[in-house]
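Q: Sharing a structure, written as structure tokens. Questions coming.
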Amino acid sequence: MALPSTISAARAMAEGLPTQLIHEGVKEYPKPEAVKFTYGTAGVRTKGAILESVCYRIALISALRSKKLGGKTVGLMVTASHNPEEDNGLKAVDARGEMLESSWESHCTAAVNATNADELIAALETLISTAKINLSTPASVVYGHDTRPTCPALCKALASGLAAMGANIIDAGLKTTPQLHYLVKALNTKGTPDAYGEPTEEGYYAKLSAAYISLVSKFPPTSSPLIVDCANGVGAAALIGLKKHIGEQYLLIKAQRTDTKTPGALNSGCGADYVKTNQRLPSGYEKESSLAPGERMCSFDGDADRIVFYYLRGPASQPDSFRLLDGDKIASLAADYIVELVKKAGVELEVGCVQTAYANGSSTKYLQQRVPVTCTPTGVKHLHAAAERYDVGVYFEANGHGTVLFSESAQRTIKEAEPSSPAAEDALSQLSALVELINQTVGDAISDMLLVEVILRSRQWGAEDWDGAYEDLPNKLLKVTVKDRFAFKTEDAERKLISPVGLQAKIDNEVAKYKGARSFVRASGTEDAVRVYAECALAPELDKLATAVARLVQETDV
Ligand code: G16
């Protein structure tokens with residue numbers, strides 16, 4: 001189908017939905033039969049080969065979202081992040097660079113499951129009347145994609161949906177998810193007093209690198225390189241871009257797993273999810289590199305919105321040598337550092353931390369002794385919203401997805417405060433630079449990597465010093481395949497199952513057998529599986545507990 005001219009489609013929009021074009025689009029991108037899509041934790045995610053109809057339809061909704069927001073640019077990112085290469089997905093980004101407003105998710109789910117064009121048009125009309133959308137308002141949508149082989153076809157379907165709606169289309173090409181979020185915010189704030197940065201990929205690197213260099217330049221450099229596992233994904237390209245802006249005297253990076261061409265390589269045996277879930281080095285690292293004990297290493301995920309760090313305490317061959325510095329450890333490092341700067345600066349700002357049920361019990365205890373801590377369900381949108389309630393909200397999922405939010409009033413306080421001493425002046429200027437360094441739209445592996453480097457450099461710490469904050473409780477994450485994961489419903493920030501009825505009581509009975517134990521079960525929003533998390537005080541008991549809970553899930557077999 002040839003793309004309709006944007007001007008004629010825009011004219012048609014003034015009169016109502018472009019129904020004829022939508023009929024043509026649905027014919028070209030039919031919904032696969034017997035598939036139920038869900039717009040969940042991270043948009044829609046499934047096998048890339050069956051997603052064209054989803055892309056076409058979510059594009060229509062994105063154009064409506066932009067109209068609802070008075071023509072501001074919204075974003076679409078084609079990625080399946082940490083999932084295997086054959087998967088793909090689509091996440092929608094709102095005008096301030098945050099995740100799509102949650103009340104629109106059910107409309108997305110209705111639209112992607114409509115079996116024909118009439119049903120789709122009805123779903124769109126329901127949205128238009130519920131959200132009171134003025135169709136004559138212009139629309140603008142920017143989209144990007146990761147390195148997956150299914151991306152070109154999905155982007156084509158997406159562009160077709162946007163053109164049908166007469167939207168202004170900005171094709172940002174290959175991007176990390178956080179770069180796309182950055183672009184949305186930068187495009188919408190350009191030329192205003194809140195300008196977030198140049199709305200280009202170069203602008204993104206320029207902003208981050210200028211802040212990073214200003215923060216680290218007064219501290220002695222670290223001589224050892226930071227070894228970065230790029231998950232064979234788009235993060236590899238972003239790291240090359242970043243290195244052009246940050247000289248080796250400021251950050252010595254050794255990029256690994258940068259192969260974006262070999263089929264099947266993405267996230268395979270590497271990447272943040274592999275390292276965090278298996279609590280081990282990326283596969284093959286031991287053989288390839290002479291990894292010196294204490295050397296800092298980190299892994300991005302497939303779209304570079306998560307990061308975990310790690311190091312070896314002794315030789316790679318030695319059991320227990322591997323030490324993980326995950327999202328919880330990053331949150332603790334960042335919260336401590338910011339609290340200290342706020343105190344030194346002499347300003348009144350409440351620093352708080354947001355975690356999920358996956359946060360290691362030791363990290364929660366450590367943080368609660370220092371700052372207020374909130375627990376939310378999994379998913380950036382939940383953590384982000386909770387973090388916005390603090391002046392400075394540090395939010396991280398244990399899997400390495402997170403960032404720090406400085407509220408508008410906190411930013412004003414930092415900018416306008418009169419320092420009472422040279423030390424306070426220095427702390428204020430560091431806080432100002434942090435506001436620039438941290439990608440406040442969403443978790444960002446590159447920005448978080450730089451944040452950790454800044455803190456370690458300013459403290460003159462190695463990985464082992466950072467690791468010393470607290471000792472993780474032994475923990476394990478398992479995946480269980482069930483007939484219907486949606487039958488597993490939770491409450492209390494996912495810490496308790498309410499369905500299937502009776503399963504939680506059985507889990508509680510099992511947990512009670514172990515010292516200092518905790519376990520919960522929830523349906524994944526990104527994979528067709530139920531996740532089981534278990535932690536306990538005594539390492540030898542952990543496998544038994546995790547396996548017993550996983551068995552209970554399997555036996556329930558709904
Ligand atoms: C997405 C979400 C994260 C979530 C992760 C796993 O990350 O953005 O908030 O922690 O999925 O979710 P689940 O356990 O529901 O599968 P990503 O990096 O895959 O986009």
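The values are calculated or read from the model by the stated rules, or taken from the named source; none is laboratory data. On a predicted model such as this, the values are computed, not experimentally measured, just so you know. Every residue, glycine as well, gets a Cβ built from its backbone with ideal geometry; the counts of neighbours run over all protein chains shown.
Q: With closer than 22 Å to residue 224 by Cα and either away from the ligand (no atom under 16 Å from the Cβ) or of a type in the set (S, T, N, Q) (or both) as the only criterion, which of 363, 332, 321 stands out?
A: 321
Q: Kindly provide the set of residues from the range 299-313 that are more than 15 Å from the ligand (Cβ to nearest atom) and either touching a residue at least 40 places away in the same chain (Cβ under 8 Å) or not hydrophobic (A, V, I, L, M, F, W, C) (or both), ordered by number.
A: Scanning the range 299-313 gives 309, 310, 311, 313.
Q: So which of 493, 548, 469, 505 ends up being within 28 Å of residue 395 (Cα to Cα) and either more than 16 Å from the ligand (Cβ to nearest atom) or assigned to a strand (DSSP E or B) (or both)?
A: 469
Q: Of all residues in the range 458-484 being of a type in the set (Lys, Arg) and touching a strand residue (DSSP E or B) at 6+ places or on another chain (Cβ under 8 Å), which is surrounded by the fewest Cβ atoms within 10 Å (Cβ to Cβ)?
A: Among them, the one singled out is 479.
Q: While we're on this one: Of everything in the range 378-411 that's acidic (Asp, Glu) and touching a residue at least 40 places away in the same chain (Cβ under 8 Å), which residue is surrounded by the most Cβ atoms within 10 Å (Cβ to Cβ)?
A: Filtering the range 378-411 for residues that are acidic (Asp, Glu) and touching a residue at least 40 places away in the same chain (Cβ under 8 Å), the one surrounded by the most Cβ atoms within 10 Å (Cβ to Cβ) comes out as 397.
Q: If residue 220 passes every condition in (1) over 21 Å from the mean Cα position of the chain (by Cα); (2) within 16 Å of the ligand (Cβ to nearest atom) but one, which one does it miss?
A: So residue 220 meets the others, but not (2).
Q: Could you please tell me which pairs satisfy a Cβ distance under 6 Å, a separation of 6+ or placement on different chains, a first residue in the range 417-429 that is free of Cβ contacts under 8 Å to residues at least 24 places away in the same chain, and a second residue that is not β-branched (Val, Ile, Thr)?
A: 425/419
Q: Sort out for me the helices (runs of 4 or more DSSP H) sitting completely within the range 230-312 that have 1 or more residues that are touching a helix residue (DSSP H, G or I) at 6+ places or on another chain (Cβ under 6 Å).
A: Ranges flagged: 235-243.
Q: What about residue 348, is it surrounded by fewer than 18 Cβ atoms within 10 Å (Cβ to Cβ), outside the structural domain of residue 305 (by TED's automatic domain parsing) and not small (Gly, Ala, Ser)?
A: So residue 348 fits the description; yes.
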